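S.K.: The following block contains the structure, expressed as structure tokens.
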Amino acid sequence: MNSENWSGKAFAFFSNKRCEAFPCHEVNNAEDFNCLFCYCPLYALDDKCGGYFSYLDNGTKDCSQCAMPHKKENYGLITRRLVDVCRMMQTRRKTVQSPGENTASPEGH
């Protein structure tokens, strides 16, 4: 989705100034802090997420210094990368799934 399709649209930006953690990262302009991706959907991409991160001594990915998903202008970047998350999940499912295993969820779920 290019910027002319989403830029300035209400669905592309949400700021929860009443949140106890607002803003959860240091920013220059809190007015442009986007809470829409409060929990970054690209976290699962590990070192391919495109954000600023480090790894703690215990191996946990630390994104506390990354404001990429919170920048108003990055809505398109995040949504374009969601297909990468889907591909990664499909690949992971294929490697974990046993031969002949049914991955369909029970009806109603």
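The values are calculated or read from the model by the stated rules, or taken from the named source; none is laboratory data. Remember, it's a predicted structure, so these values are computed and weren't measured experimentally. FYI the Cβ positions are ideal-geometry reconstructions off the backbone, even for glycines, and counts take in every protein chain you see. Quick note on the areas: whole protein, heavy atoms, side chains included, nothing else; ligands and nucleic acids left out. Shrake-Rupley method; radii C 1.70, N 1.55, O 1.52, S 1.80 Å.
S.K.: In the range 40-65, what count of residues is obtained for those that are under 24 Å from Arg80 (Cα atoms) and free of Cβ contacts under 8 Å to residues at least 40 places away in the same chain?
M.R.: 15
S.K.: Taking the range 46-90, which residues are under 12 Å from the mean Cα position of the chain (by Cα) and β-branched (Val, Ile, Thr)?
M.R.: Hits for the range 46-90 are Ile78, Thr79, Val83, Val85.
S.K.: Answer yes or no: is there a residue in the range 32-39 that is among the aromatic types (Phe, Trp, Tyr) and free of Cβ contacts under 8 Å to residues at least 12 places away in the same chain.
M.R.: Checked against the condition, which is being among the aromatic types (Phe, Trp, Tyr) and free of Cβ contacts under 8 Å to residues at least 12 places away in the same chain, the range 32-39 yields at least one hit.
S.K.: Take the residues in the range 58-81 that are open to solvent by 40 Å² or more (accessible area, probe 1.4 Å) and in a loop (DSSP other than H, G, I, E, B); name whichever of them is farthest from Trp6 (Cα to Cα).
M.R.: Among those that are open to solvent by 40 Å² or more (accessible area, probe 1.4 Å) and in a loop (DSSP other than H, G, I, E, B), it is Asn58.
S.K.: Further, regarding this structure: Would you check which residues across the range 19-57 are open to solvent by 100 Å² or more (accessible area, probe 1.4 Å), in a loop (DSSP other than H, G, I, E, B) and modelled with pLDDT of 95 or more and list them? Steps first, please.
M.R.: First, pick out the residues of the range 19-57 that are open to solvent by 100 Å² or more (accessible area, probe 1.4 Å): 20, 26, 28, 31, 39, 43, 48, 52, 55, 57.
Filter again for in a loop (DSSP other than H, G, I, E, B), leaving 20, 26, 28, 39, 52, 57.
Once the filter is applied, which keeps residues that are open to solvent by 100 Å² or more (accessible area, probe 1.4 Å), in a loop (DSSP other than H, G, I, E, B) and modelled with pLDDT of 95 or more, the range 19-57 yields only Asp57.
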